[in-house]
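The values are calculated or read from the model by the stated rules, or taken from the named source; none is laboratory data. Just so it is clear, the model here is predicted, and its values are computed rather than measured. Cβ placement follows ideal geometry from the backbone for every residue including glycine, while neighbour counts extend to all protein chains displayed. Protein only, heavy atoms only, side chains kept; ligands, DNA and RNA dropped before computing areas. Shrake-Rupley method; radii C 1.70, N 1.55, O 1.52, S 1.80 Å.
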Amino acid sequence: MNRILNFAAFLSVCALPVSSFSAGQPNILWLTSEDHGPHMGCYGDTYATTPNIDALAGKGMLFNHAWSCAPVCAAARTTIIAGMYSTSTGGEHMRSMVPMPKGTKMYPQLLREAGYHCTNNSKEDYNLAKPEGGVWDESSGNAHWKKRKDGQPFFAIFNETCSHESQLRKRPHEAIHDPAKVRVPAYHPDTPEVRQDWAQYYDQVTLADASAGKRLKELESAGLSADTIIFYYADHGSGMPRNKRWPSNSGLQVPMVVYFPPKWQHLAPKEYAPGARSDRLVSFVDLAPTLLSIIGVQPPEWMQGHAFAGKFQTAPQPFIHGFRGRMDERYDCVRSVTDGRYVYLRNYMPHLSQAQHVSYQFETPTTVVWKKLFDAGRLTPEQSIFWQQPKAAEELYDLNSDPDDVHNLATSPDHAAALAKLRAAQEALALKIRDVGLLSEGDLHQRSKGTTPYDMAHDDQLYPLARILKAAGDASSMRADANSDLKAGFTDADSAIRYWAAMGVLMRGPPGIGVAHDELLNAAKDSSTQVRVVAAWALAKHGSDADRDHALPLLLNLADWGAHDVFTAMSALNAIGDLGDKAKPIAAQLKTLPAKGESPDGRFAGYVARLLADLNGTKPAFDDAGEPVAKKKKAKKK
């Protein structure tokens, strides 16, 4: 324990002499860690052991309301690197690997143009393809600010992975925290497995804090503390299920601590004071413009965040936003927004539970025992929300009285004004940034061939967003008064409108079939494979035996990666998985489907393989990054 805590007294930065080589511009150090929320002493968590960041907060300032834009690493980092919402660039889906918008750059390129030596140690994991010409001076496990030229200011990231989700499950484990003393949140069952996972999570956060302490001590020893602005933050909420992958406050709130030495405090947020806590709402989309503002460069207009420090800092914003797209092999479409007190979630696919079977998430013991207790009917209402299907179309939570986000106030008349305000904020952002996540992933790639999703979305002929947003809203609202619009949507010239019409019927179950049965049969022959998948899914799940006999072969064909693109195959496999026993007539044929094919990124093969493994009753193995390892092990034996 002493080994972990021996950096608590490192921060004597205010007394250090000013270094001469960076007199013109401040150095900037980012210390980041994986998969942890504000479970730190400086945030009032008395169970946590985080002396180094607590000390940094004591000298600097922390933000009470800092949000990652996404509850998973790649989508969150994609927002940071571009200074744009991933729902705007098309990078919201895991490893989607879409191109950067035309005329834009990743923020390290802009810092380098301003004379900074930029290093990343070492995780990238962006959903955007890196531009030609290089982004970092160095991005590797050896990258370090020490390699800069004499007199050159640096921007350096050190990313700690020890708190990653994968580390919560490793056994044996050297304990730091007592599982008996952990606070189990209201959404988790209180079992030994859950307590062990939470305690081990806190242990890993302690190790991440110690790693940050080493980096800060290194900076101090080099005499650079007085010239270096420091940020500490995590990439999204904890790696525990219902935190990671779910865009509620527990999945998006992160610790964010900043330190501006006296020499550079004129660049700090206006509310900055040593030991202060800011109520300013900040999110990851704000980081890139804030960096540029700190070094005196006006953020370009295409950046969608707001600088909260530096020469070009803006006034505090009224809202911050989050999202969820495809998480590994499972699709969903969720948008969230908070004003600091209320959290609003808009579920555009309410027919899917929060707890879709992401194989990697089920490697965590908590997930397994939680599911068993749900199946046995032994959970409280709060603990059951995660597994319930369907979920609510809209969710509203009051963080003042409900910090765990478990009491949905969306239908409460007393909170109608808050609901309306946040709903309007969510829709306004979608229109402002041209949210491309309202397209199915396959349609997104199809429409943006030869250009980028961002640029495609700014052409209203290619992407009539206002109409598509309305269609998605009508479909997912579950309102009976939207049925006539749904039915009309099947004949629309735009495939996205037809997609949401079919989705709306699917969401409504058997009553939906009654509204548009003939339209579904026609949609099962649509020119868009994504429309065909949803139509066949609805017929197979909610139609007659004859409908199912007709739809199952269609889904089987659409699930064939050899015959269709990877997005069609993944969508069809997800649909088949949702059918349960109703898919038994095609069970044997599923075993013959290919798990290899062309895709934007090689990791898609892992996603298709996981879906097939789930359907075929086998279990994939994973490495610490969540990638399948079975084939790697087989190759080594050869």
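The listed residues are T290, T314, and the only one of them that is over 30 Å from F374 (Cβ atoms), hydroxyl-bearing (S, T, Y) and not in a loop (DSSP other than H, G, I, E, B) turns out to be T290.
Please go through the stretch 572-601 and pick out each residue that is within 22 Å of R326 (Cα to Cα), open to solvent by 20 Å² or more (accessible area, probe 1.4 Å) and not basic (K, R). Of everything in the stretch 572-601, those that are within 22 Å of R326 (Cα to Cα), open to solvent by 20 Å² or more (accessible area, probe 1.4 Å) and not basic (K, R) turn out to be G577, D578, G580, L593, P594, A595, G597, E598, S599, P600, D601. All of G473, G514, G504, G450 fail the test of being among the small types (G, A, S), part of a helix (DSSP H, G or I) and open to solvent by 60 Å² or more (accessible area, probe 1.4 Å), apart from G514.
Just one of F308, F284 is closer than 16 Å to G83 by Cβ, aromatic (F, W, Y) and under 21 Å from the mean Cα position of the chain (by Cα); which is it? Step through it out loud before you land on a result.
Details: F308 fails: under 21 Å from the mean Cα position of the chain (by Cα).
F284 is the lone residue from the list that is closer than 16 Å to G83 by Cβ, aromatic (F, W, Y) and under 21 Å from the mean Cα position of the chain (by Cα).
Of all residues in the stretch 294-350, those satisfying the criterion of being among the polar types (S, T, N, Q) and farther than 20 Å from V406 by Cα are Q298, Q304, Q313, T314, Q317. Within the set S225, S221, S250, S211, the sole residue that is under 23 Å from the mean Cα position of the chain (by Cα) and hydroxyl-bearing (S, T, Y) turns out to be S250.
Looking only at residues of the stretch 84-143 that are among the polar types (S, T, N, Q) and open to solvent by 40 Å² or more (accessible area, probe 1.4 Å), we find that the one that is nearest to the chain's Cα centre (by Cα) is S122. Considering the stretch 315-329, the residues that are in contact with a Phe, Trp or Tyr (Cβ under 9 Å, 6 or more places away or on another chain) and farther than 21 Å from A430 by Cβ include one that is surrounded by the fewest Cβ atoms within 10 Å (Cβ to Cβ), namely P316.
Taking the criterion of being more than 13 Å from L110 (Cβ to Cβ) and crowded, with 23+ Cβ neighbours inside 10 Å, the residues of the stretch 281-303 that qualify are V282, S283, F284, V285, D286.
In summary, I230 fulfils each of the numbered conditions (1) touching a strand residue (DSSP E or B) at 6+ places or on another chain (Cβ under 8 Å); (2) under 26 Å from I320 (Cα atoms); (3) surrounded by fewer than 24 Cβ atoms within 10 Å (Cβ to Cβ) with the single exception of condition (3). When the stretch 31-51 is filtered for residues that are more than 23 Å from P247 (Cβ to Cβ), under 27 Å from the mean Cα position of the chain (by Cα) and outside any loop (DSSP other than H, G, I, E, B), the ones remaining, listed by number, are L31, G41, C42. For the stretch 188-208, filtered to residues that are open to solvent by less than 10 Å² (accessible area, probe 1.4 Å) and among the hydroxyl-bearing types (S, T, Y), the residue that is farthest from the chain's Cα centre (by Cα) is T206.
Within the stretch 258-280, restricting attention to residues that are over 30 Å from L429 (Cα atoms) and not in a loop (DSSP other than H, G, I, E, B), the residue that is most open to solvent (accessible area, probe 1.4 Å) is H266.
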